[in-house]
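Asks: Let me give you the structure first, and then I'll get to my questions.
The values are calculated or read from the model by the stated rules, or taken from the named source; none is laboratory data. Given the structure is predicted, the values throughout are model-derived calculations rather than measurements. Here the Cβ positions follow ideal geometry from the backbone for every residue, glycine too, while neighbour counts run over all protein chains shown. Surface areas here come from the heavy atoms of the whole protein model, side chains and all, with no ligands, DNA or RNA. Shrake-Rupley method; radii C 1.70, N 1.55, O 1.52, S 1.80 Å.
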Amino acid sequence: MHPSPPTCVLVTGGAGYVGSHAALELLREGLHVIIVDTLERGSQDTIDRLKGQGNLTFVQGDCGSRAVLEPLLGEVDSIMHFAAYARIAESIEFPDRYHHNNVEVTRSLLEAAVEADVHRFILSSTCAVYGCPSQIALPVNEDCPLDPQSPYGVSKIEAENLVSQVGTLATGTLRFFNVIGVDASGILTEPVLKARLLSACLQTARGLQDQFTIYGTNYDTADGTAVRDFVHVTDIARAHVALMNNMKPGTHQTYNVGCGHGTSVMEVLRAVEKISGQTLSTIKAKRRPGDIPAIWADTTRIQESLDWCPQYKDIEAMVATSWQSD
């Protein structure tokens, strides 16, 4: 039996990169969206950009706090949980922070959702749970062994386990690969985060930093740089909506969200140069702890089960959406 259709969705971390794009898609669906975000890593500017796009409520606060949640959950029928720390190198330096924010906050939010009889709970997870798959195992499907190479990946597995063990709600996990791009409407913009590959490339192309650093040039890949599955942020947002609309009480679903093919760091750099018309100055650096040579997704399950497929498949088209944003 399906629950009643979604009408009010709580989006944790909705002032951040992926969460804000999911909120935008939900607003376009005509739903009431409640964003809860501490603004530690999200931005007020993002919230301001979402205002006027639909029925939006913003609450600045911790989504693991009962005092924040209890006044809100009475009208919420679905939760999309994006709020998390998500930097591999940082997780190695501060594993306890990652466990608290990614695991314990999820636990508190889940408990509150069960008590409030929320119908649906979707966890945004990551391909980092797979670790370093062998070439034989590529592309990775949802049944591949989990072998995280960082505390970040470990924390996401623990969060996934919490979500999958809730028997009363309809729950789902989306393991998305390397997020890239911005919504083509221009409502939202490329986040200025040096930790993100494309952001650093764009800042170099715009003259906001002198050089782009390539971390690792001796991987066992075609051009020596790391290979990743880059998936457009709007496609990830669409996947969340597709899952939300296809959930059944008492079941748990897990899906990869990617393009299904690998693109190297050097290929991203060349795409930025082509789109921007600028030649990027680069420097080579050692591999970062926790980085792996190559990974890309098998997306058969989500395509067959949710009738979802990426609208953006070409790296230059994805880069162009970010270059054109202000």
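Asks: From 238, 301, grab the single residue that is basic (Lys, Arg), surrounded by 20 or more Cβ atoms within 10 Å (Cβ to Cβ) and at negative phi.
Replies: Answer to the check: 238.
Asks: Those residues that are surrounded by 14 or more Cβ atoms within 10 Å (Cβ to Cβ), out of contact with any Asp or Glu (no Cβ under 6 Å at 6 or more places or on another chain) and either among the hydrophobic types (A, V, I, L, M, F, W, C) or modelled with pLDDT of 95 or more (or both), I need them from region 281-298; list them, please.
Replies: Within region 281-298, 292, 294, 295, 298 meet the criteria.
Asks: Answer with yes or no whether residue 265 is out of contact with any Asp or Glu (no Cβ under 7 Å at 6 or more places or on another chain), within 22 Å of residue 222 (Cα to Cα) and open to solvent by less than 20 Å² (accessible area, probe 1.4 Å).
Replies: No; evaluated as a whole, the condition is false for this residue.
Asks: Count, please, the residues in region 113-151 that happen to be part of a helix (DSSP H, G or I), touching a helix residue (DSSP H, G or I) at 6+ places or on another chain (Cβ under 7 Å) and open to solvent by 10 Å² or more (accessible area, probe 1.4 Å).
Replies: 2
Asks: Write out, first by first residue and then by second, each pair whose Cβ atoms fall under 6 Å of each other, whose residues are 6+ apart or on separate chains, and whose first residue, in region 149-176, is touching a residue at least 60 places away in the same chain (Cβ under 8 Å) while the second is part of a helix (DSSP H, G or I) and of a type in the set (D, E, K, R).
Replies: Final answer for the pair search is 173/160.
Asks: Is region 267-278 home to any residue that is of a type in the set (Lys, Arg) and more than 25 Å from residue 172 (Cβ to Cβ)?
Replies: yes
Asks: I want to confirm something. Restricting to region 216-235 and keeping residues that are open to solvent by 10 Å² or more (accessible area, probe 1.4 Å) and of a type in the set (Asp, Glu), which single residue is farthest from residue 139 (Cα to Cα)?
Replies: Step by step, filter region 216-235, then rank; the result is 223.
Asks: How many residues are modelled with pLDDT under 95 and either part of a helix (DSSP H, G or I) or in contact with a Phe, Trp or Tyr (Cβ under 7 Å, 6 or more places away or on another chain) (or both) when one looks only at region 67-86?
Replies: The number of residues fulfilling the criteria is 4.
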